[in-house]
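The values are calculated or read from the model by the stated rules, or taken from the named source; none is laboratory data. For clarity, every value in this text was computed on a predicted model and none was experimentally measured. Ideal geometry is used to build each Cβ from the backbone, glycine not excepted, and the neighbour counts take in all protein chains shown.
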Amino acid sequence: MTIFIPTPLRPFAAGKDAVEVEAATISDALDSLTQVHPDLRKHLFTGEGKLRAFVNLYLNDEDVRYLPAKEATTITAADTLSIIPSIAGGCLPHGRPRLRRS
Amino acid sequence: MGILHLTRAVYDKIRAHGEEIYPSECCGALLGTSIPDGWNVVASVRAGNTRTDSAHNRYNISGLELVKIERDARRQGLGIAGFYHSHPDHPAEWSLTDLSEAHWLGCCYVITAVAKGKAVLTNSFRLAGATEEDKAFEQDTIEIDE
């Protein structure tokens, strides 16, 4: 299958925007990915080995969280897996944060 | 300090989006290429704000919309350089919410202050750091390419 790598993780995947892996399940595919590019592991998983809460996985157009078997879902060579960190934020009603300038 | 290059068209579009959506927060993605001193952004994509429960001070882009934005960007030979949103009647400074919810290391987060429906200051902040645990926003210089 093809795993699409988002912009912030490409430096940890040899600059690639996509990586081909052979795997039977989504979980296996992530294992294969992080074996080839071990620096990705800390960005995808917690120290306990769980997928970080802000990392979204999409098997083709399906959110893996809502698949019945989740990361144990079986895959085919034609499938794609997109890794997409979440995007959110917004202004706060009060206060102003400290700004770090380089 | 890094540099965010924006075309005039992109700069005007993201500010107009903030005015149009006011008093809610607008949000969207910035597409471009990485350059040695920052990002060169050549296109913006409007996104829906899923935080309809608190759209005046929160924004969220759905994961599936992000997947489609990135897919389209890749087809154009571009990448997601960062994101933009507006702060209705609040400064163009990142909030603690912005930082805690920011996870695209190395990408730019552009914020436009919209005061009483009129876009005022626009700032860009790069999410610096090597990991989620040491991330911090650093202000970039915005250069508008005419």
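Six or more apart or on different chains, Cβ atoms under 6 Å: show the pairs whose first residue is in region B:80-92 and hydroxyl-bearing (Ser, Thr, Tyr) and whose second is buried (at least 23 other Cβ atoms within 10 Å of the Cβ) and not in a strand (DSSP E or B).
As it stands, the answer is B:Tyr84/B:Ile14; B:Ser86/B:Gly18; B:Ser86/B:Glu25; B:Ser86/B:Cys26, since those pairs meet every condition given.
Of these, B:Ile3, B:Ile14, which one is at negative phi and more than 12 Å from the chain's Cα centre (by Cα)?
Values: B:Ile14 fails: more than 12 Å from the chain's Cα centre (by Cα).
Of B:Ile3, B:Ile14, the one residue that is at negative phi and more than 12 Å from the chain's Cα centre (by Cα) is B:Ile3.
So which of B:Asp145, B:Asp140 is among the acidic types (Asp, Glu), over 21 Å from A:Leu92 (Cα atoms) and within 13 Å of the chain's Cα centre (by Cα)?
Values: B:Asp145 fails: within 13 Å of the chain's Cα centre (by Cα).
The match here is B:Asp140.
From the list A:Glu62, A:Glu20, A:Glu71, A:Glu48, exactly one residue is at the interface with chain B (Cβ under 10 Å from one of its Cβ atoms) and farther than 30 Å from B:Gly18 by Cβ. Which is it? Explain how you work it out, then say what you get.
On the way: A:Glu20 fails: at the interface with chain B (Cβ under 10 Å from one of its Cβ atoms); A:Glu71 fails: at the interface with chain B (Cβ under 10 Å from one of its Cβ atoms); A:Glu48 fails: at the interface with chain B (Cβ under 10 Å from one of its Cβ atoms).
Step by step, each of A:Glu62, A:Glu20, A:Glu71, A:Glu48 is checked, and only A:Glu62 is at the interface with chain B (Cβ under 10 Å from one of its Cβ atoms) and farther than 30 Å from B:Gly18 by Cβ.
Just checking, does region B:21-33 include any residue being over 17 Å from B:Ile69 (Cα atoms), in contact with a Lys or Arg (Cβ under 7 Å, 6 or more places away or on another chain), crowded, with 19+ Cβ neighbours inside 10 Å and away from chain A (no Cβ under 12 Å)?
no
Would you check if B:Ala102 is within 14 Å of the chain's Cα centre (by Cα), within 10 Å of chain A (Cβ to nearest Cβ) and over 23 Å from B:Thr7 (Cα atoms)?
Details: within 14 Å of the chain's Cα centre (by Cα): yes; within 10 Å of chain A (Cβ to nearest Cβ): yes; over 23 Å from B:Thr7 (Cα atoms): yes.
So B:Ala102 fits the description; yes.
When the residues of region B:62-80 are narrowed to those that are at the interface with another protein chain (Cβ under 7 Å from one of its Cβ atoms), of a type in the set (A, V, I, L, M) and within 15 Å of the chain's Cα centre (by Cα), which ends up farthest from A:Asp61 (Cα to Cα)?
B:Ile80
Since B:Ala55 meets every condition but one in (1) at the interface with another protein chain (Cβ under 10 Å from one of its Cβ atoms); (2) closer than 20 Å to A:Ile83 by Cα; (3) among the hydrophobic types (A, V, I, L, M, F, W, C), which condition does it not meet?
The failed condition is (2).
So which residues in region B:52-73 are over 27 Å from A:Asp17 (Cα atoms) and of a type in the set (D, E, K, R)?
Kept after step one, since they are over 27 Å from A:Asp17 (Cα atoms), are these residues of region B:52-73: B:52-58.
Scanning region B:52-73 gives B:Asp53, B:Arg58.
Taking A:Asp31, is it facing chain B (nearest Cβ under 7 Å), more than 27 Å from B:Met1 (Cβ to Cβ) and acidic (Asp, Glu)? Steps first, please.
On the way: facing chain B (nearest Cβ under 7 Å): no; more than 27 Å from B:Met1 (Cβ to Cβ): yes; acidic (Asp, Glu): yes.
In short, no.
B:Glu70 fails exactly one of the following numbered conditions: (1) among the charged types (D, E, K, R); (2) out of contact with any strand residue (DSSP E or B) (no Cβ under 7 Å at 6 or more places or on another chain); (3) surrounded by 20 or more Cβ atoms within 10 Å (Cβ to Cβ). What is the number of that condition?
(2)
Tell me, please, whether a residue that is surrounded by fewer than 23 Cβ atoms within 10 Å (Cβ to Cβ), at pLDDT 95 or above and touching a helix residue (DSSP H, G or I) at 6+ places or on another chain (Cβ under 9 Å) can be found in region B:106-116.
Taking region B:106-116 and keeping what is surrounded by fewer than 23 Cβ atoms within 10 Å (Cβ to Cβ), we get B:106, B:113, B:115-116.
Filter once more, keeping what is at pLDDT 95 or above: B:106, B:113, B:115-116.
Then drop every residue that is not touching a helix residue (DSSP H, G or I) at 6+ places or on another chain (Cβ under 9 Å), which leaves B:106, B:113.
Looking for residues that are surrounded by fewer than 23 Cβ atoms within 10 Å (Cβ to Cβ), at pLDDT 95 or above and touching a helix residue (DSSP H, G or I) at 6+ places or on another chain (Cβ under 9 Å), one finds at least one in region B:106-116, hence yes.
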